[in-house]
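So the structure is just underneath, and the comments pick up after that.
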Amino acid sequence: MADLIAEIKALEANAAAAIAGAADADALAQVSHDFTGKKGALTGVMKQLGSLTPEERGEVGKAANAFKNKLDELLSAKESELMQAKFASLAETEFLDLSVTPPEYAAVRGSGAHSGHTHPITQTQRRLEEIFTSMGFSIVDGPQVEDDYHNFGALNFTDDHPARDMQDTFYTATGHLLRTHTSTVQIRALEGMKPPLRIIAPGRVFRYEEVDASHEHTFYQMEGMIIDRKVSVGNLLHLMQTLLTEVFGREVDVRLRPGYFPFVEPGFELDMKCLVCNGSGCSVCKHSGWVEVLPCGLVHPNVLRSAGLDPAEWQGAAFGLGLNRLVMMQHGIEDIRHFMAGKLDFLRQF
């Protein structure tokens, strides 16, 4: 028995030396295999237990278990040491200066190679952000996976409103949903900011739509809201006209018609003459000559109350700008599906 225990102690010393000298993870794995694997050194020692009494086998078993525990401890410590050394050397061995043009790219740059650029929707969004921030607006954001309260309830949607139907909204198994409009940020802004305020909230939204030339299941909007002590329809229309003039660099033909949205009262649909067909009728404008780009209105008193504001003291105006359709008008794009198609020949035009 004493000889076997001494042999195990010797294995422990040898294993400690092997672990200390291991240069990488593969070497560590080999040490573990050599000492405790099916054909390892410890297995050879344990095969000799048959000649011992039960009491002696118990003592040798304790020594073997102590060796295994010590080996695991040493292997773990060495693995941590090697990992730290690896990350410490990354700055020297794997550093990339992304500001430097690779030689192989520089060599072919003059022969038709293309550099990357932002998506046309991103370009328009950034331009809009410049316009609105110059008018004193702040840019805010909100989650794309929302709860029913922020997407519907706090925006004055009744329980039986058609927009709650699963044909329009993507619901999750947990009862959450993918936001159907950026109007959700209205409530979150009112909850976290004190009036007076001016905000815009650009972002991606989702609806269970039948996809065609002018409808997508995933698209982009920009919500805007003003809260102050005196806000009128005239303020809202002036803002909308200024926005479109800045975007297109000239005055565009618009029309205002009544529209129903639960979170505004009164509500309006602001349309602009279709620039794809110049008003003559096409698939984008559904052959009407007009494209809806700016649903808008005065913030409903119930929405203000949901945020803890007194409608007798505060008033608001809100609008929702469809970024996809605006880009289509800017560049004469005839099909909204191009934006998500991933076609480089389409994107390189911008």
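Each reported figure results from applying straightforward, stated rules to the coordinates on display, with no laboratory input. For clarity, every value in this text was computed on a predicted model and none was experimentally measured. Positions of Cβ are backbone-derived with ideal geometry, glycine not excepted, and every protein chain shown enters the neighbour counts.
Annotations
- Cα-Cα over 31 Å, subset of Lys230/Lys286; Lys9/Lys78; Lys194/Lys286; Lys194/Lys273; Lys47/Lys86; Lys86/Lys343: Lys230/Lys286; Lys194/Lys286; Lys194/Lys273; Lys47/Lys86; Lys86/Lys343
- Sites Met340 and Asp168, calculated FRET efficiency, Cβ-Cβ separation with R0 22 Å, nearest 0.05: 0.70
- Structural descriptor for segment 2-93: relative contact order 38 percent, calculated from alpha carbon pairs under 8 angstrom and at least 6 residues apart.
- Looking at segment 317-350, the trypsin sites (Lys or Arg not before Pro) that sit in a DSSP loop and have at most 15 other Cβ atoms within 10 Å of their own Cβ are Lys343, Arg348.
- Within segment 177-260, the trypsin sites (Lys or Arg not before Pro) that combine a DSSP coil assignment with at most 15 other C-beta atoms in a 10 angstrom radius are Arg229, Lys230, Arg250.
- Contact order for segment 123-193, expressed relative to its length and based on alpha carbon pairs under 8 Å spaced 6+ residues apart, stands at 36 percent.
- Put in order of Cβ neighbour count within 10 Å, fewest first, the listed residues Thr36, Thr242, Thr124 become Thr242, Thr36, Thr124.
- Rounded tilt (10° steps) of 54-93 against the dominant C-alpha axis of the chain: 40 degrees
- When the helices of the chain are scored as -39500 (n - 2.57) per DSSP H run of n ≥ 4 and the total is divided over every residue, the value at 222 nm lands at -13000 deg cm²/dmol.
- Here's how it looks for Leu321: its modeled amide H is under 5 Å from those of Met222, Glu223, Gly224, which are all 5 or more places away or on a different chain.
- For segment 255-263, 3J(HN,Hα) computed residue by residue from phi via the Karplus equation (6.51, -1.76, 1.60; θ = phi - 60°) reads 9, 10, 9, x, x, 9, 9, x, 9 Hz, glycine and proline entered as x.
- Theoretical FRET efficiency, 1/(1+(r/R0)^6), r = Cβ-Cβ of Ala88 and Asp26, R0 25 Å, to 0.05: 0.80
- Angle between the chain longest axis and helix 233-248 axis [Cα atoms, degrees, rounded to 10]: 70 degrees
- A full extension of the chain between His217 and Tyr149 corresponds to an added length of 22.3 nm, given 0.36 nm per residue minus the alpha carbon distance.
- Unpartnered cysteines - no second Cys beta carbon under 4.7 Å - across the chain: Cys296
- Rounded to whole numbers, the Karplus 3J(HN,Hα) couplings from phi for segment 119-133 are 5, x, 5, 5, 4, 5, 4, 5, 5, 5, 4, 4, 4, 6, 5 Hz, using 6.51 cos²θ - 1.76 cosθ + 1.60 with θ = phi - 60°, and x at Gly and Pro.
- Taking GluC sites (Glu not before Pro) across segment 166-249, the ones in a DSSP loop with at most 10 further Cβ atoms lying within 10 angstrom of their Cβ are Glu210.
- Among Ser99, Ser280, Ser306, a tally of other beta-carbon atoms within 10 Å of each Cβ gives an order, fewest to most, of Ser99, Ser280, Ser306.
- Relative contact order of the chain, pairs being alpha-carbon contacts under 8 Å that are 6 or more residues apart, as %: 13 percent
- Each part gets one Cα centre, and for segment 270-341 versus segment 40-98 those centres are 66 Å apart.
- Placed amide H near Leu294: partners under 5 Å, 5+ positions off or other chain: Leu270
- Our coupling estimate for segment 170-181, obtained by passing each phi through the Karplus curve with A = 6.51, B = -1.76, C = 1.60 and θ = phi - 60°, is 8, 9, 9, 5, 8, x, 7, 8, 7, 4, 9, 7 Hz, Gly and Pro reported as x.
- FRET efficiency for the pair Asn278 and Arg348, taken as 1/(1 + (r/R0)^6) with r the Cβ-Cβ distance and R0 = 30 Å, rounds to 0.70.
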